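Take a look at the structure set out below.
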Amino acid sequence: MSKGETDILQQQSYAMVGGDGAHSYAKNSSYQKGAVDAAKELINESIANNLDLKLIGFNTSKAFQVADLGCSTGPNTFIAVQNIIEAVEQKLPHETLEFQVFFNDHYDNDFNTLFKTLPSSRKYFASGVPGSFRNRLFPKSSLHFVHSSYALHWLSRIPAEIVDRNSPVWNKDSIQCTGSVKGVTEAYATQFENDTVSFLDARAEDIVPGGLMVILTLAMPDGIPMSETANGVLYDVLGSCLNDLAKMGIISEEKVESFNLPIYNATPREVEAIIRRNKYFTIERLEELSNPVRSIPFTAQDYTVNFRAIFEEIVKNHFGKEYVDQIFYHFTERVAENLSFIEEKTLDIIDLFILLKRSV
């Protein structure tokens with residue numbers, strides 16, 4: 001087996017909750033939708049000012065190829081794709097265009113719900129492309145525009161040293177990269193860099209020279225540890241719930257000690273440095289988004305349903321399906337106790353908009 005095949009097998013998959021039920025990602029991703037909506041005008045400007053149709057070799061006799069990487073189940077992916085298509089149509093207002101859209105996510109993503117809910121009025125041909133976006137997914141130089149929203153901060157795997165009981169950086173006392181333990185932070189940061197390099201290298205093969213890629217992702221302000229942000233507080237609340245249930249004898253302490261969230265929120269400076277070391281892309285735009293959902297007050301239940309839509313599968317796979325409801329019920333109670341403190345932290349995380357151009 002080749003190294004590349006081994007790497008693919010070692011990568012973990014973190015699917016959002018599928019279907020359209022009360023706990024589904026489709027029903028509980030308003031924050032992510034806020035970022036997609038906020039990015040619409042930036043995408044319009046990016047395509048108007050940075051997409052050179054002659055440079056990318058596009059003509060109206062063939063389809064304009066778009067991919068959304070980490071699409072989940074909708075409806076946010078459909079909104080993002082429509083924004084891209086409208087921007088391209090504005091660039092060629094007198095032409096009849098055809099579009100091919102590729103929806104990508106991990107193999108265990110709920111593609112059934114995704115395709116059942118495709119907009120009936122869509123102006124594109126739709127295809128599903130299962131697999132990790134840290135690997136090649138498309139023929140060489142076949143995509144004109146790539147979009148990825150709230151996916152890049154997910155790690156392909158938990159760093160091995162932080163779950164090793166014999167390691168000096170065993171992350172026994174936390175389920176996240178808090179930013180307060182140097183060795184743990186370095187392990188997470190290294191994994192993030194390796195994953196991002198793999199992502200960029202793969203896209204360099206997929207995207208035509210001059211093609212564009214937009215990435216929306218969560219980032220950390222310089223100088224603020226993850227544990228001091230709203231997301232970090234929520235992760236700590238989940239960790240305390242798991243510890244409580246272990247003390248009650250409901251779940252095992254060993255299971256809690258080996259549980260870590262596969263997420264790393266880099267600073268904009270870290271992200272920029274990784275991209276600049278990559279010879280295949282130029283940074284055309286890198287700035288903070290103004291997500292309108294930040295100004296909407298959330299209840300403890302609001303936090304729980306959004307949190308559960310994202311993390312239920314991870315919790316279920318690690319602790320067992322039979323404990324999921326109890327864990328998130330306890331989580332709601334704890335969030336309610338800490339709600340004012342969490343609300344104070346909502347401005348400490350960044351929604352980052354990144355526009356990259358494939359070098360010629």
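The values are calculated or read from the model by the stated rules, or taken from the named source; none is laboratory data. Not measured: the values here are computed from a predicted model. Methodologically, a virtual Cβ is constructed for each residue, glycine included, from the backbone with ideal geometry; neighbour enumeration extends over all protein chains shown. When the accessible area is computed, the model is the full protein with side chains, heavy atoms only, and any ligands, DNA or RNA have been set aside. Shrake-Rupley method; radii C 1.70, N 1.55, O 1.52, S 1.80 Å.
Numbers at a glance
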{"item": "Residues within the stretch 85-122 that are over 30 Å from residue 50 (Cβ atoms) and among the acidic types (Asp, Glu), tallied", "result": "2"}
{"item": "Qualifying residues in the stretch 261-273 (those that are under 17 Å from the mean Cα position of the chain (by Cα) and of a type in the set (A, V, I, L, M)) - the one farthest from residue 149 (Cα to Cα)", "result": "261"}
{"item": "Residue within the stretch 278-293 that is of a type in the set (Val, Ile, Thr), within 22 Å of the chain's Cα centre (by Cα) and closer than 30 Å to residue 358 by Cα present", "result": "yes"}
{"item": "Test: residue in the stretch 248-264 that is part of a helix (DSSP H, G or I), touching a Leu at 6+ places or on another chain (Cβ under 7 Å) and either open to solvent by less than 50 Å² (accessible area, probe 1.4 Å) or in contact (Cβ under 8 Å) with a residue 60 or more places away in the chain (or both)", "result": "yes"}
{"item": "Given (1) surrounded by fewer than 18 Cβ atoms within 10 Å (Cβ to Cβ); (2) assigned to a helix (DSSP H, G or I), index of the condition residue 199 fails", "result": "(1)"}
{"item": "Residues of the stretch 63-108 satisfying the condition of being over 20 Å from residue 120 (Cα atoms) and open to solvent by 10 Å² or more (accessible area, probe 1.4 Å)", "result": "70, 90, 91, 92, 93, 94, 95, 105, 106, 107, 108"}
{"item": "Set 272, 288: member being touching an Asp or Glu at 6+ places or on another chain (Cβ under 8 Å), open to solvent by 50 Å² or more (accessible area, probe 1.4 Å) and within 30 Å of residue 55 (Cα to Cα)", "result": "288"}
{"item": "Selection count, the stretch 183-196, where residues are open to solvent by 50 Å² or more (accessible area, probe 1.4 Å) and of a type outside the set (D, E, K, R)", "result": "2"}
{"item": "Candidate set from the stretch 317-327 (those that are closer than 21 Å to residue 13 by Cβ and of a type outside the set (Gly, Ala, Ser)); member that is most open to solvent (accessible area, probe 1.4 Å)", "result": "321"}
{"item": "All positions within the stretch 332-360 that are of a type in the set (Ser, Thr, Tyr) and open to solvent by less than 40 Å² (accessible area, probe 1.4 Å)", "result": "332, 346, 359"}
